Amino acid sequence: MTALRLYNTMSSQVEEFHPLTGDEVRMYACGPTVYDYGHIGNFRTFIAVDLLQRYLRQSGYRVGYVMNITDVDDKIIRNAARAGVGVQQYTAKYEKAFLEDSATINIQQPKLVRATEHIPEMAEFVARLVEKGIAYRTEDGSYYFRIAKFPEYGKLSKKDFSGMLDGARVDVDEYDKDSARDFALWKAPKPGEAFWETSIGPGRPGWHLECSVMSMEELGESFDLHAGGEDLVFPHHENEIAQSESLTGKPFAHFWFHARFLLVEGEKMSKSLGNFFTLRDLVLKGHKPSSIRYLLTSVPYRHQLNFTFDGLKQAAVSVERLRNFRQRLTAGSFTDGSNPGMQTLASETIDRMRAALDDDLNTAQAQAAIFEMARKGNAAIDAGEIKRDDVAPLQAALARFDEIFSVLNDDDGAKMKQVSDWATAEGRGEEISPELRAALQSGELSDSDIEKKLAEMDAARKGRKFDVSDALRAELTAAGILVENTKDGVRWKRK
Ligand code: AMP
Ligand code: ZN
C-alpha cells in the first residue's frame, strides 16, 4: 500500500494519508452550483480531485467518491427568475452540461447527489440542531446556526473569532472573509422564490447545510477526505464542520484537500477582464480536450496554475509527443530479444511517477518522468536498441501514466465534433471558430499526418503486424484517403 503524503488544510501540514477503515477511502467533493456552464477554474479543481481518486485506486484502495450538485441556492434562484423559468428547468440544462463537460475532459464520474432530492433530511438535521440548542428559529421562519455554541469555530480557516458578536446574523450563502456571524441553515420563503414544505416549516436549505447532510448520509459521520477549491475553506467548509461536529460530537472529515485558484494570463479570471473561459469556449476555439486536461494537470494542485494560450499550445505538443512514442512502439518492428537498459528504464519510470504522486500529488514531476522515458525510448528506437521484449514494459509504463492523466487516447476529433454539435443545437453556432470548423471539415488529416501514417503502415508490414497495417489503412480510407501500392512504392490521393 502506498505512502501517499497529502497536505491537510486542517493541520496545515503534509501528512501520510491513511484511510479510517482498511483499504477503503470515503471521499466527498463539493460539486458545481449549476447556474451556468463550468469554467476552467472549476475544472482545474474537479480534475485535481479526479486525479487524486484515480491515484488512490491505482494505489490499491477502494474509493467511494461522492460529489454534490448544488441545484438550489441564491444565485440559481436569481438567475432562474431572470430567465423566467422554474428552478428545476433552469438547473437541468446546466447539470447536463456539467456532465457532458466532465466527460469531454475524461473526469471519471463520482456518485452524484442532488440537494433538491434531500430536502426532508436537511429539515430533519436542522430540527436535531434546534433540539440540541445549537440552532434557533427567527420570526420569519428561518433557522440559524449559533456559532457561539461551537467553540472550535475557525479551526479550519485558522480565524480567531473569540471576540465575536453573539447573535449577529448573516443569511446569504457566501459572505465576507471575516464574518463571524450566525449563518443561515434554512431560509424562510421570500415572495416568488422556490420553497419546500417540511417538518420545520416551509423554506429551502442553505448551501452549507446541503453538504453536511449529504456527505454524512452517503459516507458516514466521519469520513476520510473532503475536497474543493481554496475559496471554500471559509465560510463553506468551516460551516460544514460546525454543523456536523456539533451534531454528532465526532470529527467530520479527516483530510481537507483544497486546490489553489487558477489564474488566466496572470490575472484572476473575470468576465469584465475578458479572460473568462468555460471549457466549451476553449473547445469551440479549436483546442483539444486532451491539451486542456494536460495543461490543467501540469501544475501540482497546491500551486497556482497560470493558464495561458501559449501553455495550451505547449500542452498539445506534449500530448502529441507521448502519443507518437506510443504509436512507434505499437507499429514499429523490433528484433527478437530484450535490452536490459530498456526494461530498467520502464520500471524506473513507474517508480519515479509513483514517488512524485506520493509526494502530495506532484503531477509536474510525474509528467517529467514519462517524458524522459519517451525521449530515451525514441532515441533507442532510432538507434535500433529496443528489442521485441522491451515493448510491453514501456507500453505498461505509458498505460500506468494514462490511468491517472488520461490524455493518450486520440478521441479529440470526435469530442470536438460533439461540442460543436451541442453549440449548434443551442443556437450558439456562431461561437464555433474558423479553426474548429477547418479542423472538423478536413477530417483532421494533413499531408504530413498522412505521410506519417503511411510510414507506420510500412513499418507494421515489415514487422509482419498485418492487423496494425490493416487498421491504419482503414483509418486512412475512412478519412477519404486512397492508398495504392505501385511498383515505385506506396502512393496516396484524396478521394
Ligand atoms: P461553484 O460552481 O462556483 O460552486 O464552484 C465549483 C468548484 O470550483 C468549487 O470547488 C470552487 O472552489 C472551484 N473554483 C471556482 N473558481 C475556481 C478557480 N478560479 N480556480 C480553481 N477552482 C475554482
Ligand atoms: Zn460543499
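The values are calculated or read from the model by the stated rules, or taken from the named source; none is laboratory data. Since we're looking at a predicted model, the values are computed, not measured. Cβ coordinates were reconstructed from backbone atoms using ideal geometry, including for glycine residues, and neighbour counts include every protein chain displayed. Quick note on the areas: whole protein, heavy atoms, side chains included, nothing else; ligands and nucleic acids left out. Shrake-Rupley method; radii C 1.70, N 1.55, O 1.52, S 1.80 Å.
Here the Kirkwood formula puts the hydrodynamic radius of the range 42-134 at 15.7 Å, using every distinct Cα pair. By the rule of a C-alpha distance below 20 Å, with chain neighbours fewer than 8 residues away ignored, the aspartates and glutamates paired with residue 452 are 320, 382, 410, 411, 412, 444, 467, 470, 475, 484, 488.
Which peptide among 346-355, 216-225 comes first, and what is the full order, when sorted by highest mean count of other Cβ atoms within 10 Å?
Numbers: 346-355: 18.1, 216-225: 19.8.
My ranking of the peptides, most packed first, is 216-225, 346-355.
For the peptides 427-438, 317-328, 463-474, 31-42, the ranking by packing is 31-42, 317-328, 463-474, 427-438, with the highest mean count of neighbouring Cβ atoms within 10 Å listed first. Comparing 67, 441, 34 along the charge dipole axis of the chain, the residue lying farthest to the positive side is 441, per the Cβ-charge model.
As a ratio to 2.2 N^0.38 Å, the alpha-carbon radius of gyration computed for the range 204-341 takes the value 1.53. For residue 285, a cut-off of 16 angstrom between C-alpha atoms picks up these lysines, skipping any fewer than 8 places away in its own chain: 313, 415, 417.
Taking 17 Å as the straight-line reach from the Cα of residue 149, the lysines in range (excluding those fewer than 8 positions away in the same chain) are 132, 159, 250. The alpha-carbon atoms of the range 415-494, seen along their principal axes, cover 51, 22, 15 angstrom, with the largest extent given first.
Over the C-alpha trace of the chain, radius of gyration and Dmax come out as 26.3, 92 angstrom. Surface composition of the chain: carbon plus sulfur atoms contribute 49% of the solvent-accessible area (1.4 Å probe, protein chains only, all chains present).
Determine the alpha carbon to alpha carbon distance for each of 288/376; 96/288; 111/187; 75/155; 96/493 and list only those over 30 Å. Walk me through the numbers before you get to the answer.
Working: 288/376 27 Å; 96/288 21 Å; 111/187 27 Å; 75/155 28 Å; 96/493 42 Å.
Pairs exceeding the cut-off: 96/493.
Ranked by the mean number of other Cβ atoms within 10 Å of their residues, highest first, the peptides 332-338, 249-255, 61-67 come out as 61-67, 249-255, 332-338.
For the range 264-405, what number results from the quotient of the Cα radius of gyration and 2.2 N^0.38 Å? Provide the component values of the computation, followed by the final result.
Numbers: Rg = 17.6 Å, N = 142, 2.2 N^0.38 = 14.5 Å.
Normalised Rg, Cα atoms only: 1.22.
About its Cα centre, the dipole of the range 349-452 is roughly 240 debye, where the only charges are +1 on Lys and Arg Cβ and -1 on Asp and Glu Cβ.
Taking all protein chains into account, the per residue accessible area for the range 5-259 stands at 39 Å² (1.4 Å probe). Restricting attention to the range 5-111, close to 40% of DSSP beta bridges with both partner residues there are antiparallel.
What the phi angles of the range 423-433 give under the Karplus curve with 6.51, -1.76 and 1.60, with θ = phi - 60°, is a coupling list of 4, 4, 4, 8, x, 10, x, 5, 7, 6, 6 Hz, glycine and proline written as x.
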